[in-house]
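Each reported figure results from applying straightforward, stated rules to the coordinates on display, with no laboratory input. Since the model is a prediction, treat every value here as computed from it, not as a measurement. Positions of Cβ are generated from backbone atoms using ideal geometry, with glycine treated the same way; all protein chains shown enter the neighbour counts.
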């Protein structure tokens, strides 16, 4: 099965067991750590179950899941002065940052389009669980800081594919975690 996936050795993929787990905090730390060594493109993926579907977070939600017009939308972040996750990644030093809103059944199509928009030699730091079913990244990190009964379905589907699991709240030790990842995923295959 893994041999049928899109192989992206230049991608560091960050998944998580739940919301507000620190994916963007970790991604921003890694961007700051590597930005002077490699060109970096960051990608945040929001996977949507179905068009006009209900919000997976409950309630009215933010409108992302109900306003997608095509099978996917790729939006480049241009501002680094807001509190949006994509803005924080740009402020951390990524050369370009994208938000891919995509129907679950069209993730492959969405990631293939994204790859046509970026230089081949860029390090890609991506936040997503569902993408791991489509690509084989250089390394897949799973942030596991929720109780097993509260793990998102998308996380439970790919947890066993993680190369590296960060357990608990790592934010007080972000530098240590970044260094551990640096030893685990030296992006030496990326040409500057």
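Here residue 115 and residue 172 are evaluated by their C-beta separation; at R0 = 41 Å the FRET efficiency comes out at 0.70. Applying 1/(1 + (r/R0)^6) with R0 = 41 Å to the Cβ-Cβ distance of residue 160 and residue 81 gives a FRET efficiency near 0.55. Of the residues 68, 118, 141, the one with the fewest other Cβ atoms within 10 Å heads the list, and the complete ranking is 118, 68, 141.
Sorting 128, 154, 80 from the fewest to the most surrounding beta carbons within 10 angstrom yields 80, 154, 128. From least to most packed, judged by other beta carbons within 10 angstrom and beginning with the fewest, 115, 100 follow the order 115, 100.
Using 0.36 nm per residue of separation minus the Cα-Cα distance, give me the extension gain between residue 182 and residue 153 in nm, one decimal. Write down the numbers at each step before the final one.
On the way: separation 29, 0.36 × 29 = 10.44 nm, distance 2.84 nm.
Net length gain for the segment: 7.6 nm.
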